[in-house]
2 protein chains.
Amino acid sequence: MHTPPLDRLLQLRVNAERLYADFLEIQAIGLADDGSLDRVALSPQDVAARQWFASRIEEAGLTVRDDDAGNMSGVLPSRAKRARTLLVGSHLDSVANGGHYDGVIGVLAALECLRALKEADADLPVNVEAIDFTDDEGTFMGMFGCRALAGALPPDALSDSGTADYGAFRAAMIRAGMQPSDYYKARRDPANLAGYVELHIEQGPRLERGDKQIGVVLGIVGRTNYEITFNGEAGHSGTTDMYRRRDALRGAAQFIMRMHELVRERFGDGIFNCGNIQVYPGNFNVIPSRATLAVEVRHVDTDLLNSMETAVISTARECAATFRLDVIPRLIVRFPAAAMHPSVISAIKDSCEDLCFSHTDLYSYSGHSPQFLSAVTPSGMIFIPSIGGISHHRDERTDWNDVVNGANVLLNTLVRLALVHEGRGSVARRSGDLRTDHSANRHSP
Amino acid sequence: MHTPPLDRLLQLRVNAERLYADFLEIQAIGLADDGSLDRVALSPQDVAARQWFASRIEEAGLTVRDDDAGNMSGVLPSRAKRARTLLVGSHLDSVANGGHYDGVIGVLAALECLRALKEADADLPVNVEAIDFTDDEGTFMGMFGCRALAGALPPDALSDSGTADYGAFRAAMIRAGMQPSDYYKARRDPANLAGYVELHIEQGPRLERGDKQIGVVLGIVGRTNYEITFNGEAGHSGTTDMYRRRDALRGAAQFIMRMHELVRERFGDGIFNCGNIQVYPGNFNVIPSRATLAVEVRHVDTDLLNSMETAVISTARECAATFRLDVIPRLIVRFPAAAMHPSVISAIKDSCEDLCFSHTDLYSYSGHSPQFLSAVTPSGMIFIPSIGGISHHRDERTDWNDVVNGANVLLNTLVRLALVHEGRGSVARRSGDLRTDHSANRHSP
């Protein structure tokens with residue numbers, strides 16, 4: 001078998017024009033009247049985007065692969081026997097009225113990297129697979145595709161329960177040609193995986209403000225969601241004794257105020273968001289008997305995230321007691337905080353140095369697939385700047401030069417990981433600085 | 001013309017059994033499965049209740065009258081020429097899933113008073129009219145019927161505007177046989193009115209706690225409703241800089257907390273209620289860009305009510321400024337604070353003394369028809385105890401003895417007002433205490 005010299009592969013660059021042509025084409029699939037992108041998971045638009053992706057994969061001479069969780073990939077197979085697979089990707093779905101860069105840039109860049117490697121006849125010791133994960137944005141179940149692949153979903157994840165109805169999700173899967181009960185078959189054996197890398201927009205302002213071209217993600221914030229219901233007693237707003245009221249909304253308002261203060265005081269970089277309140281019965285002249293809050297805490301440190309969760313519950317109980325309310329906290333989801341793997345972090349940094357891009361370490365405060373994949377294979381993420389930090393909005397934008405830079409860092413990183421992975425040892429930077437990164441040989445999470 | 005001696009009329013009593021029979025019959029019209037009353041304005045149930053009421057009026061040999069606002073009455077006409085009309089009534093409609101005493105007791109008692117007066121051949125110098133007001137509870141437009149009668153609605157009150165859609169109201173009026181554009185014709189010339197009295201359950205616990213049989217209403221609380229919208233900026237809850245967030249719900253929560261505290265500190269008996277919040281876009285992981293609050297303040301003192309309104313606006317602006325939000329206060333309705341007329345207050349008190357019922361002065365913290373009728377004719381209200389203060393609920397209840405007592409106070413009061421009204425001078429209490437109440441001759445509000 002023939003392997004091109006490392007130096008040649010490290011000098012590979014993506015075809016920026018071809019990448020841009022892809023971007024223009026897929027932008028039209030789900031383009032809303034207001035200029036935003038409406039391509040929620042398993043919608044006709046999302047299905048059309050997947051079909052487009054499959055056509056591009058075939059055009060490139062790559063192998064189309066899909067699985068029982070609806071994840072779709074293009075594979076550049078290795079000629080080596082029993083080669084492991086290096087995954088690279090993101091997601092083509094969007095939030096409702098989202099932006100045109102979130103997720104899609106990662107998938108298009110992954111495909112472009114495979115095309116560049118194939119054209120260079122880079123016979124790598126690993127399969128490289130560009131993957132689109134199903135419902136990353138959580139239209140039905142957040143990060144469904146990557147969780148299924150990582151084996152992080154229980155066997156009954158799609159079953160209805162007293163509080164969840166997945167009928168719409170199952171119906172959407174069937175419409176998209178999937179068999180809902182088979183999603184667990186998408187699980188991959190970690191022994192067959194060589195790693196995972198994702199290119200994504202930052203969705204925040206730090207790179208832009210710090211004037212850096214590339215963000216090297218050290219870890220992904222953990223996220224815990226609760227639905228918290230305060231129960232009081234309805235009553236005529238005019239005639240009920242002021243000192244005997246049990247106003248559910250008063251407890252809820254105090255909880256929101258206190259949690260914001262408490263997180264700033266005690267949890268440094270931790271994040272608290274109350275994204276919704278639903279009040280019952282909801283009339284001008286009736287004391288609210290019920291207020292249900294959508295509550296979220298995030299932290300990059302697992303222990304502190306757990307402490308925040310405890311604080312949410314205890315603060316809710318205190319506020320309820322103050323206004324003689326009952327409170328029912330209901331856990332919706334825990335997405336774990338995840339450290340990126342040192343081997344992937346090193347490969348990304350080396351690539352930045354090699355390509356002379358300014359870079360900085362940062363944590364991701366948004367959730368991403370490596371949150372789950374890092375539990376089964378060495379994972380990492382590359383961030384590129386978001387103009388004004390705007391995301392999930394039609395004004396979401398990244399300078400095209402930054403997209404191309406990110407795609408080249410992704411390609412360079414893939415080469416490093418592919419070669420290092422199979423123990424080929426030191427990988428030279430173009431700058432000439434030689435070193436061996438032994439930590440990069442570790443496979444465990 | 002023949003007028004029975006005053007003493008005989010003051011000794012008249014309602015027929016408690018007949019009143020109870022009516023109560024049992026109308027209770028069934030709109031009885032919900034859970035035992036509550038579902039008879040919202042202009043619903044088939046409300047229309048059926050009106051038909052039942054018209055039948056009872058005819059059975060009693062009284063004259064059925066209706067007007068272009070859907071108000072329906074039974075009239076006991078005076079034989080005197082150009083007699084003025086003494087109104088007595090309440091409403092047959094309920095809130096959704098309301099109780100069986102609110103409003104309906106006042107209408108049934110009014111009808112029973114007219115029957116008692118007719119049977120006694122009480123040829124009074126005024127017409128006495130038992131009236132059911134349309135949509136008192138505000139299914140479409142609170143106190144619509146009495147406002148139309150008092151001329152308190154503008155000519156375009158039923159026109160749609162940028163913020164209001166009265167299509168459903170107009171359709172319901174047409175289904176009930178009314179012509180929506182004609183409601184203004186229901187206005188009565190104040191010169192033809194002799195007064196208004198209403199019997200109603202207290203909807204609060206004060207009479208029960210004070211162990212009083214009758215509440216003499218001195219005034220009705222004024223009520224001002226605002227819809228207050230805080231506008232911030234949506235953003236990803238994880239990635240948006242904590243110090244640059246413009247979280248609309250944070251401003252709303254602070255506003256609710258502060259208003260409750262401020263009203264207790266500065267406005268004594270004033271009432272503040274925030275009955276609803278609607279949050280947009282309303283996701284766990286999106287910073288709320290908009291929070292719209294349903295806000296209400298009540299006070300029995302007009303000046304203090306105006307100060308409370310000012311405080312609502314200024315506090316909203318302060319909270320908005322704290323979190324860098326915009327705020328839009330939108331006035332929904334101002335129901336004026338209204339003092340009851342001294343002549344009617346005196347007549348009710350004299351009746352209580354006459355009938356040996358314990359009584360107390362109080363203000364009504366719920367809105368009632370005299371709020372608008374007091375602007376055009378001397379008005380007053382009689383309250384009877386609500387068990388546990390419960391109202392707008394299937395458990396709303398008043399001891400039947402209290403209902404009968406209230407109906408007898410109403411009858412006695414009507415006799416006093418009818419006779420005093422035409423300048424017949426002193427009205428003897430049964431106790432023998434004679435006095436002349438000159439203030440009772442005033443007609444102006």
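Nothing in this text is a laboratory measurement; each read-out follows from the coordinates by a stated rule. In this text the structure is predicted, and so the values were computed from the model without any measurement. Glycine gets a Cβ as well: all are built from the backbone with ideal geometry, and neighbour counts include every protein chain shown.
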Kindly work out what percent of the DSSP beta bridges joining two residues of chain A are antiparallel, to the nearest 5.
65 percent
Taking every alpha carbon pair in the protein assembly as shown, what does the distance histogram look like in 10 angstrom bins from 0, in percent?
2, 11, 18, 17, 13, 11, 9, 8, 6, 3, 2, 0, 0
Hey, what do the phi angles of region B:132-147 turn into as Karplus ³J(HN,Hα) couplings, whole Hz, using 6.51/-1.76/1.60 and θ = phi - 60°, x for Gly and Pro?
9, 8, 6, 6, 4, 7, x, 4, 10, 7, x, 6, 4, x, 6, 5
Cβ density ranking, 10 Å radius, fewest first, applied to B:400, A:52 yields B:400, A:52
With springs connecting C-alpha atoms under 10 Å apart, model chain B as a Gaussian network and identify which of B:265, B:318, B:202 has the largest mean-square fluctuation.
B:265
Average silhouette area of chain A, convex hull of alpha-carbon atoms, in square nanometres
22.5 nm²
Normalising by the residue count of chain A, find the relative contact order in percent from Cα pairs under 8 Å and 6+ residues apart.
21 percent
Enumerate the aspartates and glutamates that residue B:349 could reach by cross-link, defined here as Cα to Cα under 15 Å, with residues fewer than 8 away along the same chain left out.
B:198, B:361, B:433, B:437
Shortest-first nm distances, residue A:307 label point to equivalent points in other copies (7 Å, Cα→Cβ)
4.6
When the dipole is taken about the Cα centre of the protein assembly as shown, and only Lys, Arg (+1) and Asp, Glu (-1) are charged at their Cβ, what size is it in debye, to the nearest 20?
900 debye
Residues whose modelled amide H sits under 5 Å from the amide H of residue A:286, counting only those 5 or more places away in sequence or on another chain, are A:237
What does the charge add up to near residue A:373, with Lys and Arg as +1, Asp and Glu as -1, over the other residues with Cβ less than 13 Å from its Cβ?
0
Counting only backbone N atoms under 14 Å from a point 7 Å out along Cα-to-Cβ of residue B:313, the residues of region B:327-342 in range are B:327-334
Stretch in chain A that is longest and holds no trypsin sites (Lys or Arg not before Pro) that DSSP places in a loop and that have at most 15 other beta carbons within 10 Å
A:83-323
Taking springs between alpha-carbon atoms closer than 10 angstrom, which of B:319, B:146, B:352 fluctuates most in the Gaussian network model of chain B?
B:319
Modelling each spin label as a point 7 Å along the Cα-to-Cβ direction, I'd like the residue B:15/residue A:16 distance in nm, to one decimal.
9.8 nm
Given a Förster distance of 35 angstrom, what is the FRET efficiency for residue A:353 paired with residue A:51, based on the Cβ-Cβ distance and rounded to 0.05?
0.35
Pairwise label distance in nanometres, residue B:302 with residue A:328, each label 7 Å out on the Cα-Cβ vector
4.7 nm
State, to one decimal in nm and shortest first, how far the label point of residue B:24 sits from each corresponding label point in the other identical copies (label point: 7 angstrom along Cα-to-Cβ).
8.4
Using a cut-off of 27 Å between alpha-carbon atoms, which lysines can reach residue A:185, once sequence neighbours fewer than 8 places away in the same chain are excluded?
A:81
Euclidean distance between Cα centres, region B:212-227 to region B:114-158, Å
19 Å
Residues whose placed amide H lies under 5 Å from that of residue B:199, excluding near-sequence neighbours:
B:89, B:382
Residue order, fewest to most surrounding Cβ atoms within 10 angstrom, among A:274, B:113
A:274, B:113
Can you return the aspartates and glutamates within cross-link range of residue A:118? Criterion is Cα-Cα under 15 Å, with same-chain partners fewer than 8 residues away left out.
A:58, A:59, A:129
Gaussian network model of chain A, Cα springs within a sub-10 Å range: biggest mean-square fluctuation belongs to which of A:335, A:133, A:323?
A:323
When the charge dipole of region A:224-316 is computed with +1 on Lys and Arg Cβ and -1 on Asp and Glu Cβ about the Cα centre, the Cα farthest towards its positive end, among A:254, A:239, A:276, belongs to A:239
Within 10 Å, Cβ to Cβ, of residue A:98, how many net charges do the neighbouring residues add up to if Lys/Arg are +1 and Asp/Glu are -1?
-3
Taking the label point 7 Å from Cα in the Cβ direction, how far apart in nm is residue A:118 from each other copy of itself, listed shortest first?
9.4
Based on the alpha carbon coordinates of region B:224-335, what radius of gyration and maximum Cα-Cα distance (Dmax) apply, in Å?
14.7, 49
Axis proximity, chain A to B: residue whose C-beta lies nearest, plus whole-Å distance:
A:253, 2
Using the Karplus curve 6.51 cos²θ - 1.76 cosθ + 1.60 with θ = phi - 60°, what ³J(HN,Hα) values do you get for each residue of region B:404-420, in whole Hz, with x for Gly and Pro?
5, 4, x, 5, 6, 5, 4, 4, 4, 5, 4, 4, 4, 5, 4, 7, 4
For region B:163-235, with only Lys/Arg (+1) and Asp/Glu (-1) charged at the beta-carbon, what is the dipole magnitude about the Cα centre, in debye rounded to 20?
280 debye
For residue B:301, net neighbour charge (Lys/Arg +1, Asp/Glu -1) across residues whose Cβ lies under 13 Å away:
0
